[in-house]
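Q: I am attaching a structure below and will ask some questions about it afterwards.
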Number of protein chains: 4
Amino acid sequence: MQNIILLMHCPDQKGIIAAVTDFIHHYKGNIIYIDQYVDRINNTFFMRVEVEANGGSASFSEFQTNFNNSLGVQFGLKCDFYLKNHRPRMAVFVSQYDHCLYDILAQQQSGRLHCEIPFIISNHTVLQTISDRFDIPFYHIPITKENKLEAEQAQLKLLKEHNIESIVLARYMQILTAQIIDQYPQKVINIHHSFLPAFPGAKPYHSAFERGVKIIGATSHYVTEDLDAGPIIEQDTVRVSHGHEVKDFLEKGQDLERLVLLRALKLHCDRKIMVYNNKTVVFN
Amino acid sequence: MQNIILLMHCPDQKGIIAAVTDFIHHYKGNIIYIDQYVDRINNTFFMRVEVEANGGSASFSEFQTNFNNSLGVQFGLKCDFYLKNHRPRMAVFVSQYDHCLYDILAQQQSGRLHCEIPFIISNHTVLQTISDRFDIPFYHIPITKENKLEAEQAQLKLLKEHNIESIVLARYMQILTAQIIDQYPQKVINIHHSFLPAFPGAKPYHSAFERGVKIIGATSHYVTEDLDAGPIIEQDTVRVSHGHEVKDFLEKGQDLERLVLLRALKLHCDRKIMVYNNKTVVFN
Amino acid sequence: MQNIILLMHCPDQKGIIAAVTDFIHHYKGNIIYIDQYVDRINNTFFMRVEVEANGGSASFSEFQTNFNNSLGVQFGLKCDFYLKNHRPRMAVFVSQYDHCLYDILAQQQSGRLHCEIPFIISNHTVLQTISDRFDIPFYHIPITKENKLEAEQAQLKLLKEHNIESIVLARYMQILTAQIIDQYPQKVINIHHSFLPAFPGAKPYHSAFERGVKIIGATSHYVTEDLDAGPIIEQDTVRVSHGHEVKDFLEKGQDLERLVLLRALKLHCDRKIMVYNNKTVVFN
Amino acid sequence: MQNIILLMHCPDQKGIIAAVTDFIHHYKGNIIYIDQYVDRINNTFFMRVEVEANGGSASFSEFQTNFNNSLGVQFGLKCDFYLKNHRPRMAVFVSQYDHCLYDILAQQQSGRLHCEIPFIISNHTVLQTISDRFDIPFYHIPITKENKLEAEQAQLKLLKEHNIESIVLARYMQILTAQIIDQYPQKVINIHHSFLPAFPGAKPYHSAFERGVKIIGATSHYVTEDLDAGPIIEQDTVRVSHGHEVKDFLEKGQDLERLVLLRALKLHCDRKIMVYNNKTVVFN
């Protein structure tokens, strides 16, 4: 056995926690984190468990199979199993803004964002100097209205070749089509530069300025086919005033964007998020 | 001369500040507060001035007339003049929620909200016990779909009889029609229980819960004929999580609502707000 | 059996949750809330459980005795038992500031603060008009350097006569001595108008202004014999600038104070706080 | 004439603004930003002005001399003059934490932090790989109790050789002595990982954890000879709970530290800060 993380859910019922902890102890696992949440409206039980291996001889796949065959059947438990020391392989999609990219690369380099970054994809070339600084391969795939589907095919080919598990849209100014989204359900993370559901779509800072809001925000969410309507992972806001112009909104907003995106990525990479009914349960 | 507050705006141009301060000195006024803001996109100048009378012999109306005839003409200055010790007469409209009403009455009583509250109007009777505690007249004017316009006529009659200058909708669950709004332009202040423009209209906490947001908000704004689309005065937000149900949103939200509404009312009563292009300039 | 709330802690060990839930089910209790926290540094387990009675025939005292005799012995569990529909009897101590008092009375009246308020004690008379508005007895007990211990004896007599369980110091400008504090361990709640441990003692807004801070705060804590050093329940902060004078700090701070105090009082009255090593565990 | 920024202060008196704006117009300057603040307690006037050159023939030094000889004499105005396109030369001091360093270099590279960074000084070597990524010279100057004054002499030599104007201590874990501080008054910027004045000195996150605070903070300030007691430029806070350990405080705190430090550096480099009575006036 190795150190593992379990994310599970099922209809709420008596005895789940005891059964799960007993099962883990049986495999000589040591529970170092356990947290659960019950959605009383939908009567659904959610739990996240971190297990430290402690000399048990079962393989990871054996553990999974037995878990599903016993607890899975008994309680209707649906569980995702992760090896703790496997860092998800994440592709970074960017366009021309560099603030989120810098933060992702710096935090990954310094060991605070637990993932691999096999490459960066961009529809522009301006950020290549940054990928060079960090010695990360950079693929320039230009996108036009006409070539979009083909360009995405080229992206998909790279994603498959490099066994990419997650994608972060770090202010990537293109809308992904279903041919990519469908292959990465709850695995594509976007940062939107507004407090969703206010100001979806293009130019939210301009719209916020026009409306005269006193607070702006940023939202990180999983991408679904509905634009800017996927499950929200994290949001934050900052105060503005009549004295701020659009460029001030943009500057203040960029600090929010990178913070909010990084928090979401860390939660995702550390397997702390469950998605349910187009919402997230975040164990934090 | 008495102590006065001036709120003025005009096309931006050289020499306005000097001309205004000279004018005030000429009337023996002592400037104890002066702040200006220039909207460089629309090339518009805004200024708020507080003047302490210092023995000048001119009357308030003489001061106004001369100001308008000289500076008004010279710079195209549009100015609102307020006597500092005149507290605006404000009617409070409520339905069944008491949290904003309590805050308004307590803050007014303790001298932190500078207004008179000649009466409370409600389409329900449940809050009458509170108005009784504070010895403020309470008028119960029931509203149905059928009698709405007549009921508003009864409200208008009261407003006129008591020389009401401003109206606060303290979680008043009715939509005012143009027959009232038009008579109190930029004088009717509402608190909406969402971070506008997200979740306008009814049941915003339910909508926010459905959407799975991680932050909820409250917005105080001047009422215009466009529902929940008037100039925003103040907003604030608070963090929620997947563990919060609608009733938790509501409870956390109520603290936001009363804070945000009170801040807006204080700004309004202290003559610190100018409205312009459906936005507010707030001198704070 | 009636609806009850349990707050318990013990050395962390296997099987506690299962044993407690089994015990409750045995008494036909229905668990409607359960949350636990493990302090891994001190190896201590904390749990809060809300139980809905479901027809069990045991009395409350029987339940307690059996719980202590079985689980108490087996796990070293220390448990506080509360009847859910018993609202703690809380005395309010005030001096001359009214903002916290208004909030406490309004929230209690509207049913959002779950306690009884048998009386208000003050060393001044200015707030008596407010207690009159809310029909709550007001006891004026003047305090001087010389009479302090006797005055406290008079306070204690009232506290005992009215079976007071908790005390809130709602900007009460006197320091309680051990003769009161010792009788109400973890039952006296204070609001201090700074972000503790910064600026303990008198005149924190003045000190904050002198130091030129950019943020001010408020702190609610349980009172111990060490001035302003008891277990912190809740804190919050608000931004200030060079443009704010002490009076602005005071005004902004008062909104913080009442919010922070009320949040702390609600947590306390709803039995959501455990005290441990001069810190609080807050189940929220 | 070139584009310039003026920071000035003097005893408050009539006619300063008009005199300054007239003076600037006389030199064909176009005022694109003007903001003033009056400290009414100390009766002191502060003003920040940004001037766009508009074809005036006077040299920068001529402008300064004439300004001082006329307005300086007339009003007692003390003014600092800056060329807008001169970016201050700033040395970065670090030890082993990389989060602030990454942010400084990324923001400087992307043009959002307006300064030159001629080199990085460290008492350790671990961050050299980062300076290499950004092609910035890295000087390793080890420091022990015994060699401290000599080591600082080596630092001073570098600072002088490279015409350094400002120093940022980006989590530099050494205390500068007067021999450096005295040469850079109000030019050395530190980030302290607490909400000052709470928890000055070493290990503030540990102290905050011990105290059981519910909010932690970060503070950026100018360094003076009093440890952690210099003029505060910027602060911010974030919520923590009983469930967070010291390592969580540290992780949450690091995001605060880099944000707060960068905001302070931007204000400093953009000449938006005036220091007065050990406080800052920030024009923002």
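The values are calculated or read from the model by the stated rules, or taken from the named source; none is laboratory data. Note that the structure is a prediction, hence the values are computed from the model and not measured. FYI the Cβ positions are ideal-geometry reconstructions off the backbone, even for glycines, and counts take in every protein chain you see.
Q: For the structure I just gave you, tell me whether C:ILE136 is in contact with a Pro (Cβ under 9 Å, 6 or more places away or on another chain), free of Cβ contacts under 8 Å to residues at least 60 places away in the same chain, among the aliphatic types (A, V, I, L, M) and assigned to a loop (DSSP other than H, G, I, E, B).
A: yes
Q: Which condition from (1) over 22 Å from D:LEU105 (Cβ atoms); (2) surrounded by 19 or more Cβ atoms within 10 Å (Cβ to Cβ); (3) in contact with a His (Cβ under 8 Å, 6 or more places away or on another chain) is the one that A:SER122 breaks?
A: Every listed condition holds for A:SER122 apart from (1).
Q: Within segment C:72-104, track down each residue that is closer than 21 Å to C:TYR139 by Cβ, part of a strand (DSSP E or B), in contact with a His (Cβ under 9 Å, 6 or more places away or on another chain) and more than 14 Å from every other protein chain (Cβ to nearest Cβ).
A: C:ARG89, C:MET90, C:ALA91
Q: If you don't mind, another one. May I ask you to say which residue of D:GLN153, D:GLN74 is without any contact (Cβ under 8 Å) to a residue 60 or more places away in the chain, outside the structural domain of D:LEU169 (by TED's automatic domain parsing) and not hydrophobic (A, V, I, L, M, F, W, C)?
A: D:GLN74
Q: Please pick out the residue among B:ILE141, B:ILE104 that is touching a helix residue (DSSP H, G or I) at 6+ places or on another chain (Cβ under 9 Å), surrounded by 20 or more Cβ atoms within 10 Å (Cβ to Cβ) and not hydroxyl-bearing (Ser, Thr, Tyr).
A: B:ILE104
Q: While we're on this one: Residues of segment A:224-261 being of a type in the set (A, V, I, L, M, F, W, C), more than 8 Å from every other protein chain (Cβ to nearest Cβ) and either out of contact with any Ser or Thr (no Cβ under 6 Å at 6 or more places or on another chain) or at positive phi (or both), which ones?
A: Passing the criteria: A:LEU227, A:ALA229, A:VAL238, A:VAL240, A:VAL246, A:PHE249, A:LEU250, A:LEU256.
Q: Please specify each residue of segment A:84-97 satisfying the condition of being in contact (Cβ under 8 Å) with a residue 12 or more places away in the chain and surrounded by 13 or more Cβ atoms within 10 Å (Cβ to Cβ).
A: Listed by number, the residues that qualify are A:LYS84, A:ARG87, A:PRO88, A:ARG89, A:MET90, A:ALA91, A:VAL92, A:PHE93, A:VAL94, A:SER95, A:GLN96, A:TYR97.
Q: So which pairs qualify, if the first residue must be in segment D:173-200 and within 14 Å of chain C (Cβ to nearest Cβ), the second must be of a type in the set (S, T, N, Q), the Cβ gap must be under 7 Å, and the two must be at least 6 apart or on different chains?
A: Pairs found: D:ILE191/D:SER220; D:HIS192/D:THR219; D:SER194/D:THR219; D:PHE195/D:THR219; D:PHE195/D:GLN235; D:PHE195/D:THR237; D:LEU196/D:THR219; D:PHE199/D:SER207.
Q: Continuing with the same structure: Which ones in segment D:167-198 are surrounded by 19 or more Cβ atoms within 10 Å (Cβ to Cβ) and polar (S, T, N, Q)?
A: D:ASN190, D:SER194
Q: Something else about it: For segment A:16-32, give me the residue count where each residue is in contact (Cβ under 8 Å) with a residue 12 or more places away in the chain and exposed (fewer than 14 other Cβ atoms within 10 Å of the Cβ).
A: Number of matching residues: 1.
Q: Being at positive phi and either buried (at least 24 other Cβ atoms within 10 Å of the Cβ) or not assigned by TED's automatic domain parsing to the domain that holds B:LEU267 (or both) is the filter here; which residues of segment B:199-223 pass it?
A: Matches in segment B:199-223: B:PHE199 only.
Q: Could you say which residue among B:ILE41, B:ILE5 is surrounded by fewer than 14 Cβ atoms within 10 Å (Cβ to Cβ) and among the hydrophobic types (A, V, I, L, M, F, W, C)?
A: B:ILE41
Q: Shifting gears a bit: Please indicate, with yes or no, whether at least one residue in segment C:47-60 is surrounded by fewer than 17 Cβ atoms within 10 Å (Cβ to Cβ), assigned to a strand (DSSP E or B) and outside the structural domain of C:LEU261 (by TED's automatic domain parsing).
A: yes
Q: A follow-up question, please. Hey, A:THR65 hits all of (1) farther than 25 Å from C:ILE32 by Cα; (2) in contact (Cβ under 8 Å) with a residue 60 or more places away in the chain but one; which does it fall short on?
A: (2)
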